[in-house]
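Quick notes on the structure that follows.
The values are calculated or read from the model by the stated rules, or taken from the named source; none is laboratory data. As the structure is a computational prediction, the values presented were derived from the model and not from experiment. Cβ: placed from backbone, ideal geometry, glycine included. Neighbour counts: every protein chain shown. Keep in mind that these areas ignore ligands, DNA and RNA; they rest on the heavy atoms of the full protein, side chains included. Shrake-Rupley method; radii C 1.70, N 1.55, O 1.52, S 1.80 Å.
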Amino acid sequence: EEAPAKPATPNVKSVRRVGGRKVESLEDAPQEVQDAIREIPKKYGIDSKLVDAIAYTESRYNPDATGPDTPYGNAKGMMQIIDATAKGLGVKDPYDIKQAVEGASKLLKELRGQFGGYKDDRFLMAAYNSNPRKLKQAIAKVRADGDDVTWSNVSKYMPTETQKYVQEASRRLLA
C-alpha cells in the first residue's frame, strides 16, 4: 500500500523551525527524530553522527520533506529516500521517521560494504546522495588516470551537486 502523498517542500535546504525555534542541530529536532538517529544506526554498525549529518543535509530533519521530480522519482522524508530504493530496503513509508532512519542505516551498511575500504565517510555520503554506480565510475576514472583513490581525486568526477552535498555533510559530521 502506497504512503499518502505529502505536500512538496519548497526548499528542503532552508533552516527549519519547530515550535518556533530554528532546527540547526539534532538537539533542536523533535525528540522522536533524536531518538531514532541516536539508536537505530547502532543496529547496523553505523555511526549515528553520519546518519545525523545526512538527515540534516538532506532535509534539515524534516520528516515531511519531498524533493523535486527526478528521472528516478521523488526523494521523500527526512532521509530523502527514492521509492525504488525504499522498496529495496523494506521501507513502506519514507515519511515515517523510524522507517526512514532504519532504511538509511541499512543502505549505509550496504554502501560501507562496497566503499568502506577507503576509510573515508565521504565515499558513503557521495554514494548515498548520487548512487553507487556513479561513484564506481568516478573511482575507475581516477584509477585510469593512475592516481590514488582519495576523495580529493574522486570528487572531481562526481556531479557538482554531490560535491556540494558531501562538503556540507562533512562539515556536519566533523562539527
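Points worth noting:
A quick yes/no check of all residues on (1) surrounded by fewer than 16 Cβ atoms within 10 Å (Cβ to Cβ); (2) touching a helix residue (DSSP H, G or I) at 6+ places or on another chain (Cβ under 6 Å); (3) closer than 24 Å to Arg60 by Cα:
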| residue | (1), (2), (3) |
| --- | --- |
| Gln99 | no, no, yes |
| Phe123 | no, yes, yes |
| Gln137 | yes, no, no |
| Ala140 | yes, no, no |
| Ser152 | yes, no, no |
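- Close contacts from segment 71-87, counting a first residue that is hydroxyl-bearing (Ser, Thr, Tyr) and a second that is not in a loop (DSSP other than H, G, I, E, B), with Cβ to Cβ under 6 Å and a gap of 6+ residues or different chains, come to Tyr72/Ile82.
- Criterion: hydrophobic (A, V, I, L, M, F, W, C) and more than 20 Å from Ala175 (Cα to Cα) - qualifying residue of Leu107, Leu50, Leu124: Leu107
- Number of the condition not met by Tyr95 [criteria: (1) touching a helix residue (DSSP H, G or I) at 6+ places or on another chain (Cβ under 7 Å); (2) closer than 22 Å to Asp52 by Cα; (3) of a type in the set (Phe, Trp, Tyr)]: (1)
- Residue count for segment 26-46, restricted to those that are touching a residue at least 60 places away in the same chain (Cβ under 8 Å) and farther than 14 Å from Asp96 by Cα: 5
- Test: residue in segment 108-115 that is among the basic types (Lys, Arg) and at pLDDT 95 or above: yes
- Elements of type helices (runs of 4 or more DSSP H) contained in segment 1-93, each with 3 or more residues being open to solvent by 20 Å² or more (accessible area, probe 1.4 Å), at pLDDT below 90 and aromatic (Phe, Trp, Tyr): none
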